[in-house]
1. Being surrounded by fewer than 21 Cβ atoms within 10 Å (Cβ to Cβ) and under 20 Å from the mean Cα position of the chain (by Cα) is the filter here, so list the residues in the range 104-116 that pass it.
2. Keeping to the range 299-311, report how many residues are touching a Ser or Thr at 6+ places or on another chain (Cβ under 9 Å) and crowded, with 18+ Cβ neighbours inside 10 Å.
3. Among the residues of the range 123-156, which ones are surrounded by fewer than 18 Cβ atoms within 10 Å (Cβ to Cβ) and of a type in the set (D, E, K, R)?
4. With respect to residue 205, determine if the residue is outside any helix (DSSP H, G or I) and modelled with pLDDT under 65.
5. On the basis of being in the same structural domain as residue 298 (by TED's automatic domain parsing) and either surrounded by fewer than 20 Cβ atoms within 10 Å (Cβ to Cβ) or under 25 Å from residue 321 (Cα atoms) (or both), does residue 182 make the cut?
6. Do we have any residue at all in the range 134-141 that's within 18 Å of the chain's Cα centre (by Cα) and assigned to a loop (DSSP other than H, G, I, E, B)?
7. Which residue, of 265, 274, is modelled with pLDDT under 90 and among the hydrophobic types (A, V, I, L, M, F, W, C)?
8. Given the criterion crowded, with 18+ Cβ neighbours inside 10 Å, at pLDDT 80 or above and within 30 Å of residue 311 (Cβ to Cβ), identify the matching residue among 71, 47.
Amino acid sequence: MTSMVDWEVAVATGTRLAGEGPPVTAAEADACVAELRAGAERSTGLVRDFTGLTAAEHTAPVLVVDRAAWVRANAESFATLLDPVAAKLTERRGPPTGMALAIGSRVTGAEVGLVLGFLAGKVLGQFDPFFDPAGRLLLVAPNIVHVERELGADPTDFRLWVCLHEETHRVQFTAVPWMRDHLAAEIGRLTDTIEPSKMAEDVIGRIAEAVRGGGGSIAEAMSTPEQREILDRVTGVMSLLEGHADVVMDGVGPSVIPSVTSIRASFNRRRKGAGSIDRLLRRLLGMEAKMAQYRDGAAFVRTVVDKAGMAEFNAIWATPDHLPSKAEIHDPDAWMARVLG
């Protein structure tokens, strides 16, 4: 089947927009790659000791990438998730043909590429659970170097700090083997509810609203009761995963990263200091909501661990039924009453 998104156009557009990142010498690049690989490997044991979660080693590759490689990797992941949805739509409506398909797929590819290109300059690391059965851990070296320079952080400390967060995600998905399929199923349910023509109209409306200074993100264009219910479940899961990783990186940090306190303070200030255009794009792409996931999820995890201990908290990984809802993320006591009794 011909894809409804021209993924090569998406990759080419995203790569052009992303740029190459800060200037580094060959020696600096080699040192950064080596340090990130070592930091990821070291983090496995640190995460295990702090969380009590044991993940099989070397099941998911660690890839230190540039921005262009990050764009291509995410285009591959999007294709894995979205092309089956396009196939279902084709079954319902019949396939677009000829010039309509060619033009439409290139336009959509360019739109996806614009999003990927913007994000490629922001992301420090990412665990991709949908790559093959095991997933892969991506560390975006140019962005890590850019941020550590901007913060004036010790490079060795900052790189290990980033690795701790991202390795926690690898552990979450490899120590909890049902998590990947659970998330994929939720995404599949969400995409099944999308009416393409209505979605386009809603996205245009969201962009206009944001430009006028209003709120709203593209994700919020999905506003039917069924869509909101699924989004709330996904938000609860993502808040848990991101908050848990933040708690681990800050909990482990003091024992192995001398400057972790100043790194966290500087990093939080940086998150608040984006310019107006950056804030507009972040709102459209849902990145402001993503920041809330880190904050709210971390507060949830800390509250449960403080009250019940890490061993009791780990009941959260036993079954999808134990995952917190979006409401429970803001009410840890409700989750503990439901799951821990």
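1. 111, 114, 115, listed by residue number.
2. Within the range 299-311, the first condition is being touching a Ser or Thr at 6+ places or on another chain (Cβ under 9 Å), and the residues that meet it are 300, 310.
Imposing the further condition that a residue be crowded, with 18+ Cβ neighbours inside 10 Å reduces the set to 300.
So the answer is 1.
3. Residues satisfying the conditions are 132, 149, 150, 154.
4. Details: outside any helix (DSSP H, G or I): no; modelled with pLDDT under 65: yes.
Here the answer is no, as residue 205 does not meet what is asked.
5. Working: in the same structural domain as residue 298 (by TED's automatic domain parsing): yes; either surrounded by fewer than 20 Cβ atoms within 10 Å (Cβ to Cβ) or under 25 Å from residue 321 (Cα atoms) (or both): yes.
Yes: the conditions hold for residue 182.
6. Narrowing the range 134-141 to residues within 18 Å of the chain's Cα centre (by Cα): 134-141.
Filter once more, keeping what is assigned to a loop (DSSP other than H, G, I, E, B): 134-135.
Checking the range 134-141: at least one residue is within 18 Å of the chain's Cα centre (by Cα) and assigned to a loop (DSSP other than H, G, I, E, B).
7. On the way: 265 fails: modelled with pLDDT under 90.
Result: 274 is the single residue among 265, 274 that is modelled with pLDDT under 90 and among the hydrophobic types (A, V, I, L, M, F, W, C).
8. Numbers: 71 fails: within 30 Å of residue 311 (Cβ to Cβ).
Result of the check over 71, 47: 47.
The values are calculated or read from the model by the stated rules, or taken from the named source; none is laboratory data. Values in this document were obtained by computation on a predicted structure and should not be read as measured data. Backbone-built Cβ (ideal geometry, glycine too); neighbour counts: all protein chains shown.
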